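Single-structure report; data block below.
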Amino acid sequence: MNQWKNFSKGFLKENPVFVLLLGMCPTLGVTSSAINGLGMGLATTFVLLMSNMVISLVKNQIPDKVRIPSFIVIIAAFVTVVQLVMQAYVPSLYKSLGLFIPLIVVNCIVLGRAEAFASKNNVVSSAFDGLGIGLGFTFALVLLGGIREVLGSGKLFNITIYSENYVTLLFVLAPGAFIVLGYLIAIINRIKKN
Amino acid sequence: MAKRESTFINMVLTLFVVTFIAAAALGFVYDFTKDAIEVAKMKAQSEAIKKVLPEFDELGDVCKVAVASASDSVEVFPAYKGDKLVGVAVKTYTNKGFSGFISIMAGIDTSGKLFGYEVLEHSETPGLGSKMADWFRNSEKPGQNVIGKSPESSKFEVSKDGGDIDAITASTITSRAFLDAMVRAFEAYDVESEQLKIKNTSL
């Protein structure tokens, strides 16, 4: 019951993108298509899950004053693992996410969860928390990327839905990200109120 | 378990152990993925070369050619069918894109004409500059087509600047960058063809 709460809060109640407004840089940067959002989201989920687990395991061994650098090193190690694995086995996705993969290191969601949750809770709770927040982030990125892709290039997951002649190019560009995100946040707030 | 105290020796030890384990783990993963990354890169490159050149059996040795217009050298891949040279693929680049670096594989046949190109890497605006992947090889619109052209027959500049190539609508900067990369490819081709004596053996 309690674990379910740790897991599910990431989707709506504490969704990192729509509610906490954390990690805006990758959110706005990579979501020009649904598949990019999915790739970025899953990469971040993996890092969140692993770093949350490891940090909750070693939290008592790490003196308080050096905890942030230690956490960063742990997170950076997992990000590099993701980067190398993606480069080796999904080079096309790696190419389109490019710069944003190493930037997961400084994604405030990851360090935020390490500091606020994993360093205070046991390993099982931390794993559920990391998974929940990560999948909530993925959900938000896919939603944002999907809407932008449909409006901006007439496709969804690279499948053409309508002709490119009728698209509003604005939505795959930077302003489109802000506009769609704004409307999504408004809708989520409305849903949460009811 | 009590929390470890923040004494100097504890902090130094902890940081050392954490970084040591992280480094060891990364070294292991790097070793594990190194070959796969290399294979993936080579595959992407050889597929691009196949697309930009006439049919060939084997690739000659890669040469790095220094060009006058740029500080970095470009890679040139001669392609042979039997013993005969059919063309060279030049991995050219430009830094003048709307978002900086663009890398393009350009195939030039033995008569010095562009046979094909393939954009390898770019971060141009999707829907605008990214159209360069197809724009410059549209055989229905000769104004914007670069295939079959050479610097001798046409001026590789956008029509706005007095050249012979029509720029991508709303992406003049990308178009200029693309042509800049093409010019560099021809430059490397000229340097290389003298070395390979292409002009003597095949013409």
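Quick note: the coordinates plus some simple rules give every number you see, no bench work behind them. All values reported here derive from a predicted model rather than from experimental measurement. Neighbour counts run over all protein chains shown; Cβ positions are idealised from the backbone, glycine included.
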Surface/4 estimate of mean projected area, convex hull on alpha-carbon atoms of the range B:1-50, nm²: 5.5
Degrees separating the helix A:174-193 axis from the principal Cα axis of chain A, which is the longest one: 70
Max mean-square fluctuation residue, GNM over chain B, Cα-Cα springs under 10 Å, options B:23, B:181, B:40: B:23
Estimated inter-spin distance, residue A:168 and residue B:23, nm [label 7 Å along Cα→Cβ]: 5.3
Sequence-distant lysines (8 or more away, or on other chains) whose Cα lies within less than 23 Å of residue A:192: A:5, A:9, A:13
At 1.306 mPa s and 10 °C, Stokes diffusion of the protein assembly as shown via Kirkwood alpha-carbon radius, µm² per second: 66
Equivalent ellipsoid dimensions for the range A:93-161 as semi-axes, Å, which come from the Cα gyration tensor, largest first: 31, 14, 9
Nearest 10 degrees, 0 to 90: helix B:8-52 Cα axis against chain B principal axis: 20
Reachable lysines, given that their alpha-carbon falls under 26 Å from the alpha-carbon of residue B:84 and they are not under 8 places away in the same chain: B:43, B:50, B:51, B:64, B:113, B:149, B:197, B:199
Rg [Å, one decimal], Dmax [Å, integer] - the range A:1-111, C-alpha atoms: 14.7, 42
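Within 10 Å of each candidate Cβ there may be at most 16 other Cβ atoms; applying that plus a DSSP loop requirement, which GluC sites (Glu not before Pro) in the range B:30-97 survive?
B:55
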Exercise: per-residue mean of other protein chain Cβ atoms within 10 Å, A:51-63: 3
Separation in nanometres of the label points that stand 7 Å from Cα toward Cβ, at residue B:111 and residue B:133: 3.0
Local electrostatic count, residue A:121, Cβ distance below 15 Å [Lys/Arg +1, Asp/Glu -1]: +4
Sum of -39500 (n - 2.57) over DSSP H runs of 4+, divided by residues of chain A (222 nm, nearest 500): -21500 deg cm²/dmol
At q = 0.18, 0.21, 0.24 Å⁻¹, base-10 log of I(q)/I(0) for the range A:50-130 (Debye sum, equal scatterers on each alpha carbon): -0.73, -0.90, -1.05
Modelled FRET efficiency - R0 30 Å, residue B:96 with residue A:90, Cβ distances, 0.05 increments: 0.50
Alpha-carbon centroid distance for the pair the range A:1-80 / the range B:25-94, whole angstrom: 38
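May I ask for the net charge around residue B:83, where only other residues with Cβ less than 13 Å from the Cβ of residue B:83 are counted and Lys, Arg are +1 while Asp, Glu are -1? If you can, show how the numbers build up before the last one.
Details: positive: B:81, B:84; negative: B:57, B:58.
Residues near residue B:83 contribute 0 overall.
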Gaussian network model of chain A, Cα within-10 Å springs - most flexible of A:116, A:76, A:127: A:116
Value at 222 nm in deg cm²/dmol, rounded to 500, when DSSP H runs of n ≥ 4 in chain B each add -39,500 (n - 2.57): -13500 deg cm²/dmol
Separation of the residue B:80 and residue A:61 label points, Cα + 7 Å toward Cβ, nm: 5.8
Folded to 0 to 90 degrees: helix A:67-89 orientation relative to chain A principal axis, Cα: 50
Under 17 Å from residue A:59, Cα to Cα: lysines that are on another chain or at least 8 residues apart: A:120, B:3
Calculated log₁₀ intensity ratio I(q)/I(0) where the Debye formula runs over C-alpha points of the range B:1-100, q = 0.13, 0.20 Å⁻¹: -0.72, -1.07
Descending semi-axes in whole angstrom, ellipsoid equivalent of chain B, from the Cα gyration tensor: 44, 23, 15
Local electrostatic count, residue A:52, Cβ distance below 13 Å [Lys/Arg +1, Asp/Glu -1]: +1
Scaled radius of gyration (Cα, divided by 2.2 N^0.38 Å) that chain A gives: 1.06
